[in-house]
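The values are calculated or read from the model by the stated rules, or taken from the named source; none is laboratory data. In this text the structure is predicted, and so the values were computed from the model without any measurement. Counting neighbours? That spans all protein chains shown, and the Cβs are built from the backbone with ideal geometry, glycine included.
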Amino acid sequence: MPPPPQRTDGSAQQRATSPGSGPIGAANRPEGPAIWALGGGKGGIGKSFIATNLAVGAARAGYRVVLLDADLGGANLDTFLGCPRPTVSLGDFFRKNVATLDDLAMDTGVPGLSLIAGDADSLAAAAPHHSQKEKLIRHLRKISASLVIVDLGAGTSFNTLDLFNAADMGLVVTVPEPTAIQNCFSFIKSVTLRGLERRSGVKRREAMVGPLNRTLDPSDPEVQRALAKRIPLIINRARAAQAQTVVRTLGGLARRFLGSQVDLVGSVRDDPAARKSIQQMRPLLESGAADGAAADLQRLIRLLIGGDQAAAATAPTAADPQTTAAVEESKAIEESKAIEERLQLEHAVVRLRTEDLGSGGGIFTQVLSPEGRAVFSRATPYTDPFFQRISASPEERPRLHHLAIKRALSTGRIQLPARQLA
Ligand SMILES: Nc1ncnc2c1ncn2[C@@H]1O[C@H](COP(=O)(O)OP(=O)(O)OP(=O)(O)O)[C@@H](O)[C@H]1O
Ligand SMILES: [Mg+2]
């Protein structure tokens, strides 16, 4: 179990850079809160709806969350949350009326969740200068929270792309319509190019005359790094099977034209309850709904928060059934001394669980789908040749077996039934 992230009591934290690795979970991240950004090429596809509900879900799981409305010029998250009209907003930060972003954080009524409102009216907030944007990016890491969720506007302006690239995890949202998929691909291409340009200072756009991976110098380590980045996707207003089709299409485009990969984090169904929650200015996850889009959102949160469910076990803020289930699950895992890890495979995110059955037994391995269904199970007795070969101490055996199965899954030596993962 990874170490706990910062909870509301301000204890030590860790965070994540990719879905499944524990959100707020992985190494190689600068100090400060974990930052997730939600972007996507097209307007009206549900970025704000999903950002708001992820923020509510993470706060309910015990994280101190700040939702930042960075839809520069079209800010409306206060309405999504049913908050009173903000008295301060990002425009005040750009105009230097306040010194820190913490000065802008307002209560949302959801325990553990604050909002930094955007500024729908001011020109300064709609089009901040380069230096103002750079300052905003620097200050994101100074926000007092364990997780900052940045909701971006539509389009591919440099401000939007740079904020997206500044996040530890940039989640791309789309809906399953062809025009949205097209815009989504343009967005992915733009963030990739812009990321390269910012890091290297070289204008790649001018050099680009065809597919990115064939135009750019493949021996350039910056190019390799940018193209090796996997892009996490959320498909909104779609069922699981439909989402798989979208991911296949986008995955094909990304491979062919960029040389990079996309990963499906999850999908959220089209649901009248989602529309109603927005009309009522109350986040869906605060409305008591537990099925449909609400269940999909809960699943997304569990996946993104990953191994840090331990935080929920120690600091639950709500007794909703999903959170309680996660708490029970993580307690059970700790008691059984199982090793559990989320793995990002080519077509799915799964959980690999390795349980030590005791000295007389062996190892019990399970691979679980995002919904918790076992799609692979195997018991390996300690008399198995594997353990003779590695000649490890009894304490070391579960970890080494876990690593061996993980490698076999990643290289495709163990194949999972694709139909059960869909
Ligand atoms: N899962 C869903 N089921 C049904 N309706 C949805 C769902 N998600 C979003 N919507 C509808 O889509 C509308 C647009 O959502 P939202 O404002 O979150 O999009 P957006 O991508 O943030 O748009 P913009 O780019 O303009 O900021 C919502 O008002 C709601 O009516
Ligand atoms: Mg929006």
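Some observations on this one:
- Considering residues of the stretch 133-158 that are under 29 Å from Ala180 (Cα atoms) and within 16 Å of the chain's Cα centre (by Cα) only, the residue nearest to ligand 2 (Cβ to nearest atom): Asp151
- The stretch 258-272, subset over 19 Å from the mean Cα position of the chain (by Cα) and more than 8 Å from ligand 1 (Cβ to nearest atom), residue farthest from Ile188 (Cα to Cα): Gly259
- For the stretch 30-49, the set of residues classified as crowded, with 22+ Cβ neighbours inside 10 Å and either hydroxyl-bearing (Ser, Thr, Tyr) or within 13 Å of ligand 2 (Cβ to nearest atom) (or both) consists of Ala37, Leu38, Gly39, Gly40, Gly41, Ile45, Gly46, Lys47, Ser48, Phe49, listed by residue number.
- When we screen Thr52, Thr79, Thr108 for residues that are more than 16 Å from ligand 2 (Cβ to nearest atom) and either touching a strand residue (DSSP E or B) at 6+ places or on another chain (Cβ under 9 Å) or hydroxyl-bearing (Ser, Thr, Tyr) (or both), the only hit is Thr108.
- Being crowded, with 24+ Cβ neighbours inside 10 Å, farther than 20 Å from Val175 by Cβ, more than 9 Å from ligand 2 (Cβ to nearest atom) and of a type in the set (Val, Ile, Thr) is a property that does not hold for Val88.
- Where a residue in the stretch 188-204 is modelled with pLDDT of 85 or more and its partner, wherever it lies, is among the acidic types (Asp, Glu), with Cβ under 7 Å and at least six apart: Arg194/Asp162
- Criterion violated by Asn165 - all others in (1) closer than 20 Å to Val66 by Cα; (2) over 20 Å from the mean Cα position of the chain (by Cα) satisfied: (2)
Rundown of residues vs (1) out of contact with any Lys or Arg (no Cβ under 6 Å at 6 or more places or on another chain); (2) not aromatic (Phe, Trp, Tyr), yes/no style:
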residue	(1), (2)
Gly32	no, yes
Trp36	yes, no
Gly44	yes, yes
Arg60	yes, yes
Asp71	yes, yes
Leu81	yes, yes
Val98	yes, yes
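- Identity of the residue in the stretch 144-178, assigned to a loop (DSSP other than H, G, I, E, B) and either farther than 30 Å from Arg239 by Cβ or not assigned by TED's automatic domain parsing to the domain that holds Val247 (or both), that ends up farthest from ligand 1 (Cβ to nearest atom): Ser144
- Lone qualifier among Ser48, Ser21 - being under 29 Å from Val262 (Cα atoms) and modelled with pLDDT of 95 or more: Ser48
- Among the candidates Arg95, Arg85, the residue that is over 27 Å from Leu297 (Cα atoms) and of a type in the set (D, E, K, R) is uniquely Arg95.
- Scope the stretch 68-79; condition buried (at least 24 other Cβ atoms within 10 Å of the Cβ) and within 13 Å of Pro283 (Cα to Cα); matching residues: Leu77
- Which listed residue is within 16 Å of ligand 2 (Cβ to nearest atom), at pLDDT 90 or above and within 17 Å of Ala51 (Cβ to Cβ), from Ala294, Ala274: Ala274
- Any hit, the stretch 162-180, residues being surrounded by 20 or more Cβ atoms within 10 Å (Cβ to Cβ), free of Cβ contacts under 8 Å to residues at least 60 places away in the same chain and either under 24 Å from Asn53 (Cβ atoms) or touching a Ser or Thr at 6+ places or on another chain (Cβ under 7 Å) (or both): yes
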